[in-house]
Amino acid sequence: MTSGQFHLVPLGDIHVKRDERQRRELSDIDVLADSINRLGLIHPIVVTRDFELVAGERRYTACTRLGWTAIPVQYVDELDPLKLEAIELEENIKRQDISWQDQVNAVSRWHALRLRADPTWSQADTAEAIGFTKQHINRLILVAEEMDDNKMVADAPKLSTALGIAQRARERRDEANISRLHEHFEVKPEVEPESILTTDFTDWALGDSPWRFNLIHCDFPYGIGADDFNQGGARAHGGYEDTPEAWQKLMMALEITTKTMTAPSCHLMFWFAMRKADERLYEWTCRQLENIGWDINPQPLIWMKSDGAGILPDPERGPRQIYETCLFGSRGDRKIVRAVANAYAAPTVRERHMSEKPEPMLRHFFGMLVDENTVMLDPTCGSGSSLRAAESLGAKHVLGLEINPDFASLAREALRRSRKLKVAEAVGG
């Protein structure tokens with residue numbers, strides 16, 4: 001038995017408040033009972049003067065199963081807080097598997113206690129005292145710091161998953177702080193700028209913006225004459241110029257914007273039809289995006305149109321295409337918020353624009369990219385669904401450009417309604 005002052009207490013006098021214990025489950029009690037039966041109780045349990053159990057629930061349960069009538073205890077007021085925390089920490093982490101959330105909380109609490117007692121205490125000191133590596137303690141404390149403010153971290157199924165989310169969140173926040181530091185020296189508008197501008201992207205790109213964007217969402221016309229497709233009813237839903245010349249001008253504007261108005265690290269979503277007829281244009285587009293500085297992921301994002309709607313390129317020779325693809329790229333090794341599936345099914349929407357993207361689908365993919373540090377640009381925003389989807393996920397700022405004044409007006413009104421609904425839900429919640 002370890003050194004110290006011990007007392008023999010009737011086992012039946014001890015009571016346990018399970019809701020206040022670190023441990024959520026008790027397991028392998030039979031194994032521990034066998035060890036105690038052969039070797040004795042090496043560490044006494046810890047109780048209050050009213051015999052309420054403070055530390056040692058597994059040992060208490062094992063001794064009960066062994067039929068003991070009395071058990072050695074130490075009173076909690078005879079221990080200093082650090083030793084008490086160390087006893088329970090060792091029991092719950094080094095002797096028994098517990099949920100990773102409980103392990104993280106226990107280590108973080110013990111480290112904070114030592115730090116309060118000694119301001120020079122470090123994470124390396126905690127690692128040495130507990131018997132873990134410094135790297136592991138660093139990871140546990142990082143996760144603990146993110147758990148309170150990031151529900152995705154707390155709800156992660158594994159510690160490794162939680163660590164990945166926490167590390168990406170910390171890195172994205174650091175990048176945002178660096179961007180704000182640069183913005184501090186720039187002239188800022190006195191009033192929050194309009195979120196949707198009626199302007200041509202090719203003209204706007206030649207100017208400047210008070211924001212540095214870390215997400216660009218592009219849904220350019222493909223340059224394939226979609227404005228003349230009759231089976232899709234393009235004219236009835238508000239057609240737009242879809243010529244190769246218009247597309248090339250938009251690509252040049254994207255190159256200028258990428259080089260002059262993006263943050264050091266940035267994500268790109270670039271909708272593009274991956275059809276055999278456009279194979280050469282697709283390959284050229286990928287090369288141009290890579291030449292601009294985008295690292296294009298080989299796996300596209302896919303929107304499956306669950307209502308079966310789509311384009312019929314050749315009614316006499318091929319099937320209807322009921323999916324759309326989106327190239328996904330990044331600059332500066334920007335980390336994602338969390339991983340999502342690269343395909344999502346949602347019906348088509350044509351309330352405000354012939355090429356409107358459904359918000360549920362955009363929210364799915366934006367869940368990988370958007371958080372409170374996101375500053376997003378949509379240079380041909382159409383219905384504005386991308387702006388509404390990004391704001392619903394907490395984006396810091398969104399900006400959409402739309403050359404058609406009627407589309408821009410409809411998009412502004414929809415964005416205003418979305419914001420009012422969000423405020424109402426916040427107040428009601």
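The values are calculated or read from the model by the stated rules, or taken from the named source; none is laboratory data. Remember, it's a predicted structure, so these values are computed and weren't measured experimentally. FYI the Cβ positions are ideal-geometry reconstructions off the backbone, even for glycines, and counts take in every protein chain you see.
Tabulated data
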item	result
Contacts under 7 angstrom Cβ, first residue in segment 286-297 being on the phi > 0 side of the Ramachandran plot, partner assigned to a helix (DSSP H, G or I), 6 or more apart	293/258
Residue satisfying condition, being over 21 Å from the mean Cα position of the chain (by Cα), among the β-branched types (Val, Ile, Thr), in the same structural domain as residue 304 (by TED's automatic domain parsing) and surrounded by 19 or more Cβ atoms within 10 Å (Cβ to Cβ), within set 374, 380	380
Test for residue 163: is it at pLDDT 80 or above and touching a Lys or Arg at 6+ places or on another chain (Cβ under 6 Å)	yes
Qualifying positions in segment 391-411 - buried (at least 24 other Cβ atoms within 10 Å of the Cβ) and either basic (Lys, Arg) or not in a helix (DSSP H, G or I) (or both)	398, 400, 402
Members of segment 383-414 found to be out of contact with any Lys or Arg (no Cβ under 6 Å at 6 or more places or on another chain), among the aliphatic types (A, V, I, L, M) and closer than 26 Å to residue 200 by Cβ, listed by number	387, 390, 395, 398, 399, 401, 403, 408, 411, 414
Qualifying position, being surrounded by fewer than 20 Cβ atoms within 10 Å (Cβ to Cβ), outside any loop (DSSP other than H, G, I, E, B) and of a type in the set (D, E, K, R), among 388, 416	416
Search result, residues across segment 354-379 that are touching a Phe, Trp or Tyr at 6+ places or on another chain (Cβ under 6 Å) and either within 20 Å of residue 201 (Cβ to Cβ) or hydroxyl-bearing (Ser, Thr, Tyr) (or both)	375, 377, 379
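Listed here are the residues, each with its yes/no results for (1) over 22 Å from the mean Cα position of the chain (by Cα); (2) closer than 24 Å to residue 209 by Cβ.
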position	(1), (2)
255	yes, yes
266	no, yes
270	no, yes
273	yes, no
293	yes, yes
297	no, no
300	no, no
